[in-house]
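The values are calculated or read from the model by the stated rules, or taken from the named source; none is laboratory data. Small disclaimer: the values here were computed from a predicted structure and weren't measured. Neighbour counts are summed over all protein chains in view; Cβ atoms, including those assigned to glycine, are modelled from backbone coordinates with ideal geometry.
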Amino acid sequence: MVQSTTLTKEVEAAESYTARIFETVKKRNPSESEFHQAVEEFLQSLVPVLAKEPKYEAAGILERLTEPERLITFRVPWVDDNGNVKVNRGFRVQFNSAIGPYKGGLRFHPSVNGSIVKFLGFEQIFKNSLTGLPIGGGKGGSDFDPKGKSDNEVMRFCQSFMSELQKYIGPNTDVPAGDIGVGAREIGFLFGQYKRLNAFDAGTLTGKGLNYGGSLTRTEATGYGVVYFTQEMLQDKADSLKGKKVIVSGSGNVAIYAIEKAHELGATVIACSDSSGYIRDENGINVATVKQLKEQERKRISEYTTHHPNATFVANGDIWSLSADIALPCATQNEINADQAATLVKNGVIAVAEGANMPSTLDAVAVFQENDVLFGPAKAANAGGVAVSALEMAQNSIRMSWTFEEVDSHLKSIMKNIYKNASATASAYDASGNLVVGSNIAGFLKVADSMLTEGII
């Protein structure tokens, strides 16, 4: 899987091992392309480690890492406002608990299936490891679509979903959070049902409201974090965000706060999007307007032009066709393919940092790397959300709340450390500048060494 002109026996053995693992994953999980993609990207990075340290193969670390500790699938029946019975499918993958309780978000979206959940959960193992905090990897969700549903319908669905999920979670076992389609409204309903069925325990969910155990800066964390990571990449090249033109895909939580922080650090975000198309505002996207449309009114991004007539809305447009210095994909997986990556390179992009989970295909990543574009992979660049979720857990444990400034300071420090760790690890394994390799190896080593210590479980 890794090519070299002078393959040693150790490297050949490591390549053979990763190839066998990947074939097993594909055979055991047929037609799960998203999960295959995540595993393939990860395995490609590990050959240098496995060649140097045969102990990981001897202990079957990859065999265990690529198989979830537990995969839970369940029926979610609920009743709509017209009295019709609806049935959705719920998921929770508890992938690896070597360094702490399972931690990862819940996604409510029609695309959610076993492959998506396993892909997200697998990535979460190493993302959580990179934060330096004691949390393992998990993920979950449902193919329920909250768009167009009334508050009461969302409440009834969440109550049914949590009635089953609550059997498998807890502050020292598995701590879910929000993700696509699961915001403050959904977390509130989920927590209310958990509390109804169990004793009040604020540490069971993160992303909660401030009145019942939530953390300041949690809403902003993923978006702020990806920009802090981008700033670290640029500073390492004696550059900064100041004066840069930025495009941000999406207009949800991550995108909104990535735009906000990019503006604070001197950049101008000229475009953002939703599934209907993108808006372009050369004066800089007005964050307050996007917050109003998306967080309060739940409207389409096209409405932005009503408030800012000088902006342009392009229906079903490709935001990656625009010229910019920096691209922050913050919408969903595989939103940038090789052709779009090539267009970004042609149009002058110098840095890409992933705010969504693996939004660039493997071929797209290769295009960026071949053209010396600074590239921050999702498991490193978007770790700010789960990092602050873990800080929320810490505050819940000590029954205290930290100020916005305190949490933001921790977040900055964590994102800086993630970058430094990934960069240093890449250099240590003869892949200087390759943050994909550095992030994968750094995340792997902490988890794998913990698994060695804990025995065969």
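Of the residues in region 248-270, how many are over 15 Å from Phe229 (Cβ atoms), of a type in the set (A, V, I, L, M, F, W, C) and touching a Pro at 6+ places or on another chain (Cβ under 9 Å)?
Final tally of qualifying residues: 0.
Among (1) over 20 Å from Leu241 (Cβ atoms); (2) touching a strand residue (DSSP E or B) at 6+ places or on another chain (Cβ under 7 Å); (3) surrounded by 15 or more Cβ atoms within 10 Å (Cβ to Cβ), which single condition is Ile259 missing?
Ile259 satisfies all of (1) over 20 Å from Leu241 (Cβ atoms); (2) touching a strand residue (DSSP E or B) at 6+ places or on another chain (Cβ under 7 Å); (3) surrounded by 15 or more Cβ atoms within 10 Å (Cβ to Cβ) except (1).
Test Tyr278 against the criterion of being in a strand (DSSP E or B), touching a strand residue (DSSP E or B) at 6+ places or on another chain (Cβ under 9 Å), farther than 28 Å from Lys127 by Cα and in contact (Cβ under 8 Å) with a residue 24 or more places away in the chain, and give yes or no.
Details: in a strand (DSSP E or B): yes; touching a strand residue (DSSP E or B) at 6+ places or on another chain (Cβ under 9 Å): yes; farther than 28 Å from Lys127 by Cα: yes; in contact (Cβ under 8 Å) with a residue 24 or more places away in the chain: yes.
Yes; evaluated as a whole, the condition is true for this residue.
Given the conditions (1) over 29 Å from Asp363 (Cβ atoms); (2) outside any helix (DSSP H, G or I), which single one is not true for Ala324?
Ala324 satisfies every listed condition except (1).
Pick from Asp179, Asp145: which is within 19 Å of Glu295 (Cα to Cα) and either in contact with an Asp or Glu (Cβ under 8 Å, 6 or more places away or on another chain) or free of Cβ contacts under 8 Å to residues at least 60 places away in the same chain (or both)?
Details: Asp179 fails: either in contact with an Asp or Glu (Cβ under 8 Å, 6 or more places away or on another chain) or free of Cβ contacts under 8 Å to residues at least 60 places away in the same chain (or both).
Answer to the check: Asp145.
Are any of the residues in region 205-213 at positive phi, in contact with a helix residue (DSSP H, G or I) (Cβ under 7 Å, 6 or more places away or on another chain) and buried (at least 19 other Cβ atoms within 10 Å of the Cβ)?
So the first thing to find is which residues in region 205-213 are at positive phi, and the list is 207, 213.
Then drop every residue that is not in contact with a helix residue (DSSP H, G or I) (Cβ under 7 Å, 6 or more places away or on another chain), which leaves 207, 213.
Narrowing the set further to residues that are buried (at least 19 other Cβ atoms within 10 Å of the Cβ) leaves 207, 213.
The answer is yes; a qualifying residue exists.
Need a quick list: helices (runs of 4 or more DSSP H) entirely within region 1-105 having at least 1 residues that are out of contact with any Leu (no Cβ under 7 Å at 6 or more places or on another chain) and at pLDDT below 95.
Details: elements: 9-28, 33-52, 55-58, 61-65.
In region 1-105, 9-28, 33-52 are the helices (runs of 4 or more DSSP H) which contain 1 or more residues that are out of contact with any Leu (no Cβ under 7 Å at 6 or more places or on another chain) and at pLDDT below 95.
Residues to consider are Lys127, Lys139, Lys167; find the one that is charged (D, E, K, R), assigned by TED's automatic domain parsing to the domain that holds Arg75 and free of Cβ contacts under 8 Å to residues at least 24 places away in the same chain. Explain how you work it out, then say what you get.
Details: Lys127 fails: free of Cβ contacts under 8 Å to residues at least 24 places away in the same chain; Lys139 fails: free of Cβ contacts under 8 Å to residues at least 24 places away in the same chain.
So the residue among Lys127, Lys139, Lys167 that is charged (D, E, K, R), assigned by TED's automatic domain parsing to the domain that holds Arg75 and free of Cβ contacts under 8 Å to residues at least 24 places away in the same chain is Lys167.
Identify the residue in region 281-298 that is in a loop (DSSP other than H, G, I, E, B) and over 24 Å from the mean Cα position of the chain (by Cα) and, among all such residues, is surrounded by the most Cβ atoms within 10 Å (Cβ to Cβ).
First, the residues of region 281-298 that are in a loop (DSSP other than H, G, I, E, B): 281-286, 297-298.
Filter once more, so that each one left must be over 24 Å from the mean Cα position of the chain (by Cα): 281-284, 286, 297.
Details: Asp281: 20, Glu282: 12, Asn283: 10, Gly284: 15, Asn286: 18, Glu297: 10.
Among residues in region 281-298 that are in a loop (DSSP other than H, G, I, E, B) and over 24 Å from the mean Cα position of the chain (by Cα), the one surrounded by the most Cβ atoms within 10 Å (Cβ to Cβ) is Asp281.
Being buried (at least 22 other Cβ atoms within 10 Å of the Cβ), out of contact with any strand residue (DSSP E or B) (no Cβ under 6 Å at 6 or more places or on another chain) and either under 18 Å from Ser142 (Cβ atoms) or of a type in the set (Asp, Glu) (or both) narrows it down to one residue among Phe35, Phe42, Phe91; which is it? Please lay out each step first, then the result.
Working: Phe42 fails: either under 18 Å from Ser142 (Cβ atoms) or of a type in the set (Asp, Glu) (or both); Phe91 fails: out of contact with any strand residue (DSSP E or B) (no Cβ under 6 Å at 6 or more places or on another chain).
The match here is Phe35.
Go through region 352-366 and give me each residue that's buried (at least 24 other Cβ atoms within 10 Å of the Cβ) and either over 12 Å from the mean Cα position of the chain (by Cα) or assigned to a strand (DSSP E or B) (or both).
Val352, Ala353, Ser360, Ala364
Are there any pairs, at least 6 apart or on different chains, whose C-beta atoms fall under 9 Å, with the first in region 193-205 and within 15 Å of Thr173 (Cα to Cα) and the second surrounded by 15 or more Cβ atoms within 10 Å (Cβ to Cβ) and acidic (Asp, Glu), and if so, which?
Tyr194/Asp201; Ala202/Glu392; Gly203/Glu392; Thr204/Asp174
Which residue out of Lys118, Lys127, Lys139 is part of a helix (DSSP H, G or I), within 16 Å of the chain's Cα centre (by Cα) and over 23 Å from Tyr419 (Cα atoms)? Working first, answer last.
On the way: Lys127 fails: over 23 Å from Tyr419 (Cα atoms); Lys139 fails: part of a helix (DSSP H, G or I).
Being part of a helix (DSSP H, G or I), within 16 Å of the chain's Cα centre (by Cα) and over 23 Å from Tyr419 (Cα atoms) holds for just one of Lys118, Lys127, Lys139, which is Lys118.
Sort out which residues of region 395-405 are assigned to a helix (DSSP H, G or I), touching a residue at least 24 places away in the same chain (Cβ under 8 Å) and out of contact with any helix residue (DSSP H, G or I) (no Cβ under 8 Å at 6 or more places or on another chain), and write them in order of number. Explain how you work it out, then say what you get.
Of region 395-405, the ones assigned to a helix (DSSP H, G or I) are 395-398, 404-405.
The next check asks that each one be touching a residue at least 24 places away in the same chain (Cβ under 8 Å); those that pass are 395-397, 404.
If the condition is that a residue be assigned to a helix (DSSP H, G or I), touching a residue at least 24 places away in the same chain (Cβ under 8 Å) and out of contact with any helix residue (DSSP H, G or I) (no Cβ under 8 Å at 6 or more places or on another chain), then Gln395, Phe404 are the ones that fit.
Please go through region 374-418 and pick out each residue that is hydroxyl-bearing (Ser, Thr, Tyr) and touching a Gly at 6+ places or on another chain (Cβ under 8 Å).
Let us first name the residues in region 374-418 that are hydroxyl-bearing (Ser, Thr, Tyr), namely 389, 397, 401, 403, 409, 413.
Correct list: Ser389, Ser397.
Show the residue pairs meeting these rules: Cβ distance below 8 Å; 6+ apart or different chains; first residue within region 348-373 and in contact (Cβ under 8 Å) with a residue 40 or more places away in the chain and under 14 Å from Asp325 (Cα atoms); second residue among the hydrophobic types (A, V, I, L, M, F, W, C) and assigned to a helix (DSSP H, G or I).
Cβ pairs passing all conditions: Ala351/Met233; Ala351/Leu234; Ala353/Val226; Ala353/Val227; Ala353/Phe229; Ala353/Met233; Ala353/Ala381.
Would you mind telling me which numbered condition in (1) surrounded by fewer than 19 Cβ atoms within 10 Å (Cβ to Cβ); (2) in a loop (DSSP other than H, G, I, E, B) Pro146 fails?
Unmet for Pro146, out of (1) surrounded by fewer than 19 Cβ atoms within 10 Å (Cβ to Cβ); (2) in a loop (DSSP other than H, G, I, E, B): (1).
Conditions (1) surrounded by fewer than 24 Cβ atoms within 10 Å (Cβ to Cβ); (2) of a type in the set (Phe, Trp, Tyr); (3) modelled with pLDDT under 95; (4) in a helix (DSSP H, G or I), marked per residue:
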residue: Ser389; (1), (2), (3), (4): no, no, no, yes
residue: Ser432; (1), (2), (3), (4): yes, no, no, no
residue: Asp449; (1), (2), (3), (4): yes, no, no, yes
residue: Ile457; (1), (2), (3), (4): yes, no, yes, no
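Can you tell me which condition Asn253 does not meet? The list is (1) surrounded by 23 or more Cβ atoms within 10 Å (Cβ to Cβ); (2) at pLDDT 95 or above; (3) on the phi < 0 side of the Ramachandran plot, and all the others hold.
(2)
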